[in-house]
1. Sort out which residues of the range 85-111 are over 12 Å from residue 35 (Cβ atoms) and either over 14 Å from the mean Cα position of the chain (by Cα) or at pLDDT below 95 (or both), and write them in order of number.
2. Does any residue of the range 94-106 turn out to be in contact with a strand residue (DSSP E or B) (Cβ under 7 Å, 6 or more places away or on another chain), open to solvent by 20 Å² or more (accessible area, probe 1.4 Å) and closer than 24 Å to residue 123 by Cβ?
3. Within the group 91, 58, 69, which residue is out of contact with any Leu (no Cβ under 9 Å at 6 or more places or on another chain), hydroxyl-bearing (Ser, Thr, Tyr) and surrounded by fewer than 18 Cβ atoms within 10 Å (Cβ to Cβ)?
4. Out of the range 17-38, which residues are more than 19 Å from residue 103 (Cα to Cα) and loosely packed, with under 15 Cβ neighbours inside 10 Å?
5. Please return the ranges of strands (runs of 3 or more DSSP E) entirely within the range 1-104 where 2 or more residues are touching a residue at least 60 places away in the same chain (Cβ under 8 Å) and out of contact with any Phe, Trp or Tyr (no Cβ under 9 Å at 6 or more places or on another chain).
6. Can you spot a residue in the range 39-46 that is touching a strand residue (DSSP E or B) at 6+ places or on another chain (Cβ under 7 Å), surrounded by 22 or more Cβ atoms within 10 Å (Cβ to Cβ) and under 23 Å from residue 101 (Cβ atoms)?
Amino acid sequence: QVRLVESGGGLVQAGGSLRLSCAASGRTFSSNAMGWFRQAPGKQREGVARINWNGGSTYYADSVKGRFTISRDNAKNTMYLQMNSLKPEDTAVYYCAAAPSSNEGWDSSYYNYWGQGTQVTVSS
């Protein structure tokens, strides 16, 4: 069974940091693009950061650029999202996802594997 499992979410004060992890099991994703998406209450899911198959290309939403860093360790079949200078507007459920292609865009419909999500809450 193929699974993506997020961890590392929690409650943090504004200005703080969290590191999310996405551990894959059941198959390797070393040839696949992966990404982090988030969904806040009452809002549509949005792309936060994405990374190509070997980590050589990374992309960020304007709202997190300069604060978040996406990375991956293909030997561990794991992807990360380092989140610094967190703001209350970053509060959301964060999901990791994997796409069939080696480099994918922001359209979540092209990602065919999803984790269950981890809650990030930033207090002011």
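The values are calculated or read from the model by the stated rules, or taken from the named source; none is laboratory data. Because the structure is a prediction, the values reported are computed rather than measured. No Cβ is skipped: glycine too gets one built from the backbone with ideal geometry, and neighbour counts run over all protein chains shown. We work out accessible area using only protein heavy atoms, side chains counted, and drop any ligands, DNA or RNA first. Shrake-Rupley method; radii C 1.70, N 1.55, O 1.52, S 1.80 Å.
1. Residues satisfying the conditions are 85, 86, 87, 88, 89, 100, 102, 109.
2. For the range 94-106, residues in contact with a strand residue (DSSP E or B) (Cβ under 7 Å, 6 or more places away or on another chain), open to solvent by 20 Å² or more (accessible area, probe 1.4 Å) and closer than 24 Å to residue 123 by Cβ: present.
3. Only one candidate qualifies: 58.
4. 17, 19, 25, 26
5. 3-7, 10-13
6. So far as the range 39-46 goes, no, none of its residues is touching a strand residue (DSSP E or B) at 6+ places or on another chain (Cβ under 7 Å), surrounded by 22 or more Cβ atoms within 10 Å (Cβ to Cβ) and under 23 Å from residue 101 (Cβ atoms).
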